[in-house]
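Derivation of every value follows stated rules applied to the coordinates shown; laboratory data play no part. The structure displayed is predicted, hence computed values, not measured ones. Note that each Cβ is placed from the backbone with ideal geometry, even for glycine, and that neighbours are counted across all protein chains shown.
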Amino acid sequence: MTETDRLRRWRLVLGGESADGTGVTLSGDDARMDGALDRLYGGGGGDRRSGRRSGGLGDSAPAVARWLGDIRAYFPATVVQVMQKDAIERLNLTRLLMEPEMLEAVEPDVHLVGTLLSLNRVMPDRARESARAVVAKVVQDLERRLAQRTRSAIGGALDRTARTLRPRRLADVDWNRTIRANLGNYLPAHATIVPERLIGYGRRQQAVKRDVVLCIDQSGSMAASVVYAGVFGAVLASMRSLRTSLVVFDTAVVDLTDQLHDPVELLFGTQLGGGTDINRALAYCQGLVTRPADTIMVLVSDLYEGGVRDEMLRRVAQLTDAGVQVIVLLALSDEGAPAYDHDNAAALAALGVPAFACTPDAFPELMAAAVERRDLKEWAERTL
């Protein structure tokens with residue numbers, strides 16, 4: 001890299017303030033790239049007394065659409081998604097997201113879907129179809145990335161939970177259990193074990209082996225988690241060996257199980273925002289449990305309880321005492337460390353209920369570990 005290239009890059013980073021020290025004047029694509037950055041981030045670090053105007057995109061959807069076209073032309077998709085998210089937050093573009101021409105220009109991602117879902121109730125009809133197309137594209141991308149891994153991991157785990165004493169193939173033999181069962185048949189002279197009794201994995205059956213209840217907090221801070229949970233719920237519902245229910249809540253509780261066949265419709269059935277009543281949601285989910293020993297209940301929430309905290313903890317204790325495997329995910333997203341109620345998380349841990357954040361890529365393995373009833377705290381410490 002030449003000294004000129006180095007100064008040009010520093011000029012793009014520093015934004016052209018009078019004291020940036022580079023002395024570089026931009027032209028061509030560099031100038032247009034700098035303009036796109038300046039409209040979003042310009043003036044944020046300057047002297048407010050200087051009167052320099054801060055960044056802005058103008059109060060019209062066409063201006064925003066042109067800006068979106070610029071950033072897609074000059075930056076990679078991952079950077080575009082970050083800039084879109086920053087524009088929505090920094091420049092209050094929520095209202096303009098309801099314009100069809102802007103939605104046609106936007107780069108779809110999970111964060112945008114969360115914003116659109118929060119606007120669902122106030123979105124005009126002319127923008128609703130465009131918004132639905134954006135959501136559908138993101139959902140299809142997520143399903144393509146996550147569905148096969150989920151079915152493979154959980155399907156394999158379900159097969160391993162079944163046992164047979166007459167495995168038909170060597171591939172069906174569970175050698176760890178077979179060796180433990182035949183330790184009494186060890187022959188020191190030959191340094192070997194005679195396996196009088198074989199223990200194998202059972203063949204896949206169509207009967208329902210596990211009930212899964214997804215209980216999803218749809219308060220505003222959980223937007224990305226709601227999107228991922230909806231997609232995973234649809235994938236789990238497609239597996240015949242699982243009986244999957246999906247419930248969303250804020251201060252009210254809505255059962256969306258009958259929409260699991262259509263994750264786009266399911267997501268539009270959510271209503272992001274509002275308060276949080278975890279106790280009320282758990283009370284409803286408790287009523288869905290008919291086979292406690294074969295039920296996995298996944299609560300996705302930041303645990304900021306607006307309802308009766310003591311009653312929530314008692315209800316969790318009742319579920320675990322009955323044999324339900326309760327898992328608390330503080331976030332189901334790839335956004336990094338989430339904000340959550342540490343006191344409630346500690347109280348749940350004291351009840352033997354693990355509470356941790358989980359990335360979408362790790363969720364299939366988490367559910368496989370839950371099916372096999374492994375120690376999930378140990379799994380989380382090792383994996384996450």
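The table that follows gives values for the structure above.
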quantity: I88-M1 pseudo-label distance in nm [points 7 Å out on the Cα-to-Cβ vector]; calculated: 3.2
quantity: Prolate/oblate/rounded label for segment 236-376 (Cα gyration tensor, a/c 1.5); calculated: rounded
quantity: Reported label for calculated Kirkwood radius over Cα pairs in Å given [x] 20.9; [y] 24.1; [z] 21.8; calculated: [y]
quantity: Amide H contacts under 5 Å for T295, placed H, 5+ residues apart; calculated: D211, Q325
quantity: Under 5 Å, built H, 5+ apart or other chain: amide partners of I199; calculated: D174, T178
quantity: Within the chain, longest stretch clear of exposed trypsin sites (Lys or Arg not before Pro) (DSSP loop, no more than 16 other Cβ within 10 Å); calculated: 241-372
quantity: The chain: relative contact order in percent, alpha carbon pairs under 8 Å with at least 6 residues between; calculated: 12
quantity: Range in the chain, longest, excluding exposed GluC sites (Glu not before Pro) [loop by DSSP; at most 16 other beta-carbon atoms within 10 Å]; calculated: 18-195
quantity: Hz values of 3J(HN,Hα) by residue in segment 261-274 - Karplus curve (6.51, -1.76, 1.60), Gly and Pro given as x; calculated: 6, 9, x, 5, 4, 4, 5, 6, x, 7, 9, 5, x, x
quantity: Exposure proxy ranking, count of Cβ atoms within 10 Å, fewest first, for S152, S241, S130; calculated: S152, S241, S130
quantity: Surrounding net charge for W379, when Lys and Arg each add one and Asp and Glu each subtract one, Cβ distance under 12 Å; calculated: -1
quantity: Inter-label distance for S152 and R177, nm, one decimal - labels placed 7 Å from Cα along Cα-to-Cβ; calculated: 2.4
quantity: Folded to 0 to 90 degrees: helix 223-237 orientation relative to the chain principal axis, Cα; calculated: 40
quantity: Most mobile of L303, L313, L26 in a GNM of the chain (Cα contacts under 10 Å); calculated: L26
quantity: Degrees separating the helix 125-161 axis from the principal Cα axis of the chain, which is the longest one; calculated: 30
quantity: Positive minus negative residues near V80 (Lys, Arg vs Asp, Glu; Cβ under 13 Å); calculated: -2
